[in-house]
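Please read the structure below before turning to the comments.
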Amino acid sequence: MPKRHPSAGKAQKPVIIVGAGLAGLVAAFELSRLRIPVLLLDQENANNVGGQAFWSLGGIFCVDSSYQRRMGIKDSRELAMKDWFNSAQFDREKEDYWPRKWAEAFVNFATDEMEDYVKARGLGFLVNVGWAERGDGRADGHGNSVPRFHLTWGTGPEVVRVFAEPVKKAAKKGTIEFRHRHRVDEIILDELTGRAVGVKGSILEEDNSPRGVKSSRTVVDQFEIHGAAVLVTSGGIGGNVDKVKAAWPVDRLGPKVPQNFVIGVPHHVDGRMIDITESAGANIINRDRMWHYTEGLANWNPIWPGHGIRVLPAPSSLWLDANGKRLPNHLFPGCDTLGTLKYICSTGHDYTWFITDQAIVAREFALSGSEQNPDVTGKSVWGVLTQRVLSKKGTVPVQNFVKHGVDFVVKDNLEDLVEGMNQLVAKIPGGVPLDYQKIKDVVETRDSQFDNPFSKDAQTMLINSARTYWPDKRSRIAPPHKLLDKKKSGPLIAVRMNLLTRKTLGGIETNLKSQVMKADGSVFKGLYAAGEVAGFGGGGVHGYNSLEGTFLGGCIFSGRAAGLGIAEELGYDISKASNVRARL
């Protein structure tokens, strides 16, 4: 355990953490190890500790890990750093100053410490490493050159548990205190020094709604709390569609702001604290950088308003835009999220189509979300084997979406499939009726490339290449086949894919200790930010693109940096707390 300074901790006010999500828990964990008192405030009830991380699939970005080496994957710090910076495309001299430094520090942490750090907390991973964001087709462009998506054994709830348990243990000892239903409305500043010294806000009425369910906003009282420092870890704007639309970069993802989304995060992910922190004097940067998915489904069994689920696809489905045109080369499923989003927006429509079949859906449709993966979340080896390796229908949640989801059409022949698609189109404002003959030509052209084990079609080549990674060949990517060969692949399935809100890539600017920065480049004394509200570090560690597994990892890394940074400012000796601190 790191040693504390002899003078530290005397009659000390608590560190106030605004938001009990993953970044807040990690910071509280680090502070509790030094017995620094912490007060955790959250506008939701105790059922929501862990925030969005609980709902996640639990992927964490690691570089040159023991799991990669076991799979025969040759990864390195240098390769990961190139992939990160090629994907981030940092192009703003002032706004990208700290994000660049955070990017380098995060890749170093992902290489040197991430695996050991989370394992020391009790976290484990599936043995096979996933390959997310396969890229835009260029070695020097966006994407992961190798698989780096380490799926947590237990998904998001397990990531939350390994940090929440020691924090709750510290709460029983009195070091940490939770105050739920406390909504912060203002950051208190010292009139003489300008230092952040506390928060004011509203106490919301008791509401015992289950995790994720929209809760009451009725105010029953006010509060004012003073502390040793204030750390903001309140999340992004993904649950607030109005804020998403207001920040939409029409110049980059034009020609207009999309009007229809399914919502990938709970309603309380509202972005309020970004504005409140800015009002106090913090610098907010890179507001226009966001990460929204293009493969969203309306949840047939929703938890929060407009609840959407993302399909994490492998590369075999045929992707058509709203007009029935095949998406351009390299905008294939699972390859380039932002590039695909830009193309979809250029069509003037908010939806696309997958044309696929039962064999592909069973093998290649993974659903994002801990509740959509009960086998992995529940740590059932038998469930993983029977539902992901041996099943011809896919996991039970996937089967439920095929059966109940409003975005699915299942038919035995292509003509009936297109008719079913058009029935859905008729319900979409501004929807485009599809021409059967044109769709038939696109499907048959695609199928013609599967007569031989070689092809000139880029997607077909991608499928064959991706199957050289043996875990994907065994359990993730369907054997290459023609869509119209239903004897081998089962019925045809069309899926309407919606835009799905998710992550905020910009946010509160911070230095490498998670200290908030002011617009003039000076440090905002006493004020810290971590997690999504800070763009997962620095105000935008990802730049324009994510390599996936980096959101949870970013919360862990920036929350840890905040905890150590606060402890250091309060006079504690943290020199032995982390090798990464020595580098920073």
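Taking all protein chains as present, what is the carbon and sulfur share of the accessible area of region 50-113, in % to the nearest whole number, probe 1.4 Å?
Working: 1270 of 2690 Å².
Using a 1.4 Å probe with all protein chains present, region 50-113 comes out at 47 percent carbon and sulfur.
Only sites in a loop by DSSP and with at most 15 other Cβ atoms within 10 Å count here; which trypsin sites (Lys or Arg not before Pro) in region 225-273 make the cut?
On the way: sites: 243, 245, 252, 256, 272; in loops: 256.
Within region 225-273, the qualifying trypsin sites (Lys or Arg not before Pro) (loop, at most 15 other Cβ atoms within 10 Å) are 256.
Please identify the longest segment of the chain free of exposed GluC sites (Glu not before Pro), where exposed means a DSSP state other than H, G, I, E or B and no more than 13 other Cβ atoms within 10 Å. Don't skip to the answer; put the middle values down first.
On the way: sites that count: 93, 191, 205, 206.
Result, exposed sites excluded: 207-584.
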Exercise. With point charges of +1 on the Cβ of Lys and Arg and -1 on the Cβ of Asp and Glu, referenced to the Cα centre of the chain, which listed residue (125, 143, 339) lies farthest in the positive direction of the dipole?
Worked result: 125
Problem set entry | Carbon + sulfur, % of accessible area of region 157-281 - ligands and nucleic acids excluded, 1.4 Å | 48
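For region 38-93, with only Lys/Arg (+1) and Asp/Glu (-1) charged at the beta-carbon, what is the dipole magnitude about the Cα centre, in debye rounded to 20? If you can, show how the numbers build up before the last one.
Numbers: 6 positive and 8 negative charges, 75 e Å.
The dipole of region 38-93 has a size of about 360 debye.
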Exercise. How many Å² of accessible area per residue for region 391-498, probe 1.4 Å?
Worked result: 54
For this session: Set Lys and Arg Cβ to +1 and Asp and Glu Cβ to -1, take the dipole of the chain about its Cα centre, and tell me which of 318, 40, 522 lies farthest positive.
Result: 40
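My understanding is that a pair violates if its Cα-Cα distance is over 26 Å; which of 94/243; 13/513; 438/486; 256/440; 172/214 do that in this structure? Write down the numbers at each step before the final one.
Values: 94/243 24 Å; 13/513 20 Å; 438/486 20 Å; 256/440 31 Å; 172/214 29 Å.
Long pairs (Cα-Cα over 26 Å): 256/440; 172/214.
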Seminar exercise, completed: If one compares the long axis through the Cα atoms of helix 77-88 with the longest principal axis of the Cα atoms of the chain, the angle in degrees, nearest 10, works out at 80
Problem set entry | Heavy-atom surface of region 142-213, accessible at 1.4 Å and reported per residue (Å²) | 43
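The values are calculated or read from the model by the stated rules, or taken from the named source; none is laboratory data. Predicted model only: the values in this text are computed from it and were never measured. Note: ideal-geometry Cβ built from the backbone for every residue, glycine included; neighbour counts use all protein chains shown. Ligands, DNA and RNA are stripped out before the accessible areas are found, and what is left, the full protein with its side chains, is counted by its heavy atoms. Shrake-Rupley method; radii C 1.70, N 1.55, O 1.52, S 1.80 Å.
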